[in-house]
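Trainee: Sharing a structure, written as structure tokens. Questions coming.
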Amino acid sequence: MNQSYEKQSIENNPMEASYDRPMGVTLLAILLVFGGLATLVTQMIAFNNLNETASLIGVSGYFFQGAMVFLGLLGVTAGVGTWLGKKWGWWLALFYFAYAVIRNINVIISITSMLELYAGAYDVLIPAYLKYGVRIIWNGALLVYLCGETVTTFFKNEAVKKWKALLIVFGICVFIYIIGTVFNGLVV
């Protein structure tokens, strides 16, 4: 067969191309889709309970439900893009895990103020710090993996400066938390 024809065929039908997707990227894609779907299904099943929980912690039900939908759709979309090896999938996955780091840092910061609401139940303090600390480390490790040379080569993002990419996604996360705080204060 003519090499020029093979190259043209692959360009016209990307499914015929040979993708050397790293195993970690495959696992991350599955994890993202599964986690996103689980978030959406859980939200549908526990819709009323989530509204009650939102009011217990002093957050608007609309805000809380919106955040759940956002996380679920973000996970599914990032997983699909990651599976397909799309640059936007890499960016969304990077954002998803950066958001998880910021979200868990926020929880750690909020733990002591939550204790005041529950009459100082200090027996939950250490396990909570450990739980959310491990989540920060886990999501941070996934960010490091996504910025690795093998992964960025697969996504054809070698030219992207990783520190700039991380700065961008963390900046967006902080912006979302600021907007969320202001919006939640207006809606509660």
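Trainee: Take the residues in the range 111-150 that are part of a loop (DSSP other than H, G, I, E, B) and of a type in the set (A, V, I, L, M, F, W, C); name whichever of them is modelled with the highest pLDDT.
Mentor: In this case the residue turns out to be Cys147.
Trainee: Can you name every residue in the range 132-150 that is surrounded by 13 or more Cβ atoms within 10 Å (Cβ to Cβ) and among the charged types (D, E, K, R)?
Mentor: Hit for the range 132-150 is Arg135, nothing else.
Trainee: Yes or no: Ile108 modelled with pLDDT under 85 and either in contact with a strand residue (DSSP E or B) (Cβ under 8 Å, 6 or more places away or on another chain) or part of a helix (DSSP H, G or I) (or both)? Break it down into steps so the answer makes sense when it comes.
Mentor: Values: modelled with pLDDT under 85: no; either in contact with a strand residue (DSSP E or B) (Cβ under 8 Å, 6 or more places away or on another chain) or part of a helix (DSSP H, G or I) (or both): yes.
The answer is no for Ile108.
Trainee: Now a separate question. Output the number of residues of the range 151-166 satisfying the condition of being out of contact with any Lys or Arg (no Cβ under 9 Å at 6 or more places or on another chain) and either surrounded by fewer than 13 Cβ atoms within 10 Å (Cβ to Cβ) or not in a helix (DSSP H, G or I) (or both). Steps first, answer last, please.
Mentor: Step one: filter the range 151-166 for residues out of contact with any Lys or Arg (no Cβ under 9 Å at 6 or more places or on another chain), giving 151, 153, 158-159, 161-166.
Imposing the further condition that a residue be either surrounded by fewer than 13 Cβ atoms within 10 Å (Cβ to Cβ) or not in a helix (DSSP H, G or I) (or both) reduces the set to 153, 158-159, 161, 163-164.
Within the range 151-166, residues that are out of contact with any Lys or Arg (no Cβ under 9 Å at 6 or more places or on another chain) and either surrounded by fewer than 13 Cβ atoms within 10 Å (Cβ to Cβ) or not in a helix (DSSP H, G or I) (or both) number 6.
Trainee: Right, another one. Leu73 versus (1) over 18 Å from Phe170 (Cβ atoms); (2) open to solvent by less than 40 Å² (accessible area, probe 1.4 Å); (3) modelled with pLDDT of 95 or more; (4) not hydroxyl-bearing (Ser, Thr, Tyr): which is the lone unmet condition?
Mentor: (2)
Trainee: Which is open to solvent by 40 Å² or more (accessible area, probe 1.4 Å), at pLDDT 95 or above and closer than 27 Å to Lys162 by Cα, of Phe34, Phe97? Outline the logic, then answer.
Mentor: On the way: Phe97 fails: open to solvent by 40 Å² or more (accessible area, probe 1.4 Å).
That would be Phe34, the only listed residue that is open to solvent by 40 Å² or more (accessible area, probe 1.4 Å), at pLDDT 95 or above and closer than 27 Å to Lys162 by Cα.
Trainee: While we're on this one: Only one of (1) at pLDDT 75 or above; (2) more than 22 Å from the chain's Cα centre (by Cα); (3) within 24 Å of Gly81 (Cβ to Cβ) is not met by Met23, so which one is it?
Mentor: All conditions pass for Met23, except number (2).
Trainee: Next question, about the same structure. Does Met44 satisfy the condition of being open to solvent by less than 70 Å² (accessible area, probe 1.4 Å) and modelled with pLDDT under 95? Can you show your working first?
Mentor: Working: open to solvent by less than 70 Å² (accessible area, probe 1.4 Å): no; modelled with pLDDT under 95: yes.
In short, no.
Trainee: Moving on to the next point. Going by what's in this entry, would Gly66 be described as under 14 Å from the mean Cα position of the chain (by Cα) and either surrounded by 12 or more Cβ atoms within 10 Å (Cβ to Cβ) or of a type in the set (Gly, Ala, Ser) (or both)? Full working, then the answer.
Mentor: On the way: under 14 Å from the mean Cα position of the chain (by Cα): no; either surrounded by 12 or more Cβ atoms within 10 Å (Cβ to Cβ) or of a type in the set (Gly, Ala, Ser) (or both): yes.
No, not satisfied.
The values are calculated or read from the model by the stated rules, or taken from the named source; none is laboratory data. These numbers were taken from a predicted model, which means no experiment stands behind them. Neighbour counts run over all protein chains shown; Cβ positions are idealised from the backbone, glycine included. Just so you know, the surface numbers come from the protein's heavy atoms only, side chains and all, with ligands and any DNA or RNA stripped out. Shrake-Rupley method; radii C 1.70, N 1.55, O 1.52, S 1.80 Å.
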